[in-house]
Amino acid sequence: MRFLFLFLFLFFSFQQNTWGENILTDFLIAKPSIPDPRFKETVIIMLYHNQETGAAGLVVNKPIETMLISELFKSGNITPPEKMIEKEITLYWGGPVEPEHIFFIHSSDYKSNNFISSNRDFTVTQEPEILFDIVKNKGPKEYIILSGIAAWEPGQLDSEMMQNNWDRKLNNYTSLFDNGKEMWSRLINSRDI
C-alpha cells in the first residue's frame, strides 16, 4: 500500500512541476557550504518540484555498497529466477526518505512498463521486473540502483536555494551514468551552473 501511495504521489506530482516540462533535465548540486552533512557533495536528479507537494529527487553519486545482485533479491524478499547470471552491482544512497524503497534509473534502450518519470535518455522506475531482466542479460545497457529518495516539503527547497545551498544545472546524460565520486567536483566546478 505504501508503495502504491508513493508511486501515485510521485506520478501526479511530476505532472505539475515548476521547473519546466521535463524536470529530469535538472541536476541539483550541493554547494560546499550546505549545512546538512547528509547532502555534502551530492548531485541529485530532480523528479518533481512544485508548490503543492514540494520536491523530490534521487542522489546519484553516493555509493553505499557493492553486492551481488542475488543479495538485492534476498533483501527485497524477491525470489530470483532459477537460471540467472550473477552480477556484482553498486547500490547508491538515493536520499534519506523511504530507505527501504529501491529505485532504478536506466538508459532508454530498455523499456519499463511502469515508470515514475522518463525522458528520451533515461527512465526512473521502481518496477522490480528490471532485476529479472538484468540477471538474464536482457536489462538496460546502463543503470543505477538506489535506496531511498530525497524529498522536501512545499517551499523547503525554494528556501534552501535562496540560502544558496544548491546550484541547478542542466543534466548531461553521459554524466548521469558516469557517476563516480568525482561527479560532484566536476559539476560544481563547471562554468555553466
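Worth pointing out:
- With a cut-off of 17 Å on the backbone N, the residues of the stretch 93-114 near the modelled label site 7 Å out from Lys138 along Cα-Cβ are 109-114.
- Of the GluC sites (Glu not before Pro) found in the stretch 62-169, the ones in coil according to DSSP and having at most 16 other Cβ atoms within 10 Å of their Cβ are Glu82, Glu86.
- Modelled label positions at Gln156 and Met84, each set 7 Å beyond Cα in the direction of Cβ, lie 3.4 nm from each other.
- Charge tally around Met67: other residues with Cβ under 14 Å, Lys/Arg +1 each, Asp/Glu -1 each, net -2.
- Modelled this way, with points 7 Å down the Cα-to-C-beta line, the labels at Arg38 and Gln51 are 2.7 nm from one another.
- Each Lys or Arg adds one and each Asp or Glu takes one away; over the other residues whose Cβ falls under 11 Å from the Cβ of Ile29, this sums to +1.
- Distance in nm between pseudo-label sites at Asp109 and Arg168 (7 Å out along the Cβ direction from Cα): 3.3
Each reported figure results from applying straightforward, stated rules to the coordinates on display, with no laboratory input. On a predicted model such as this, the values are computed, not experimentally measured, just so you know. Note that we place each Cβ from the backbone using ideal geometry, even for glycine, and neighbour counts take in every protein chain shown.
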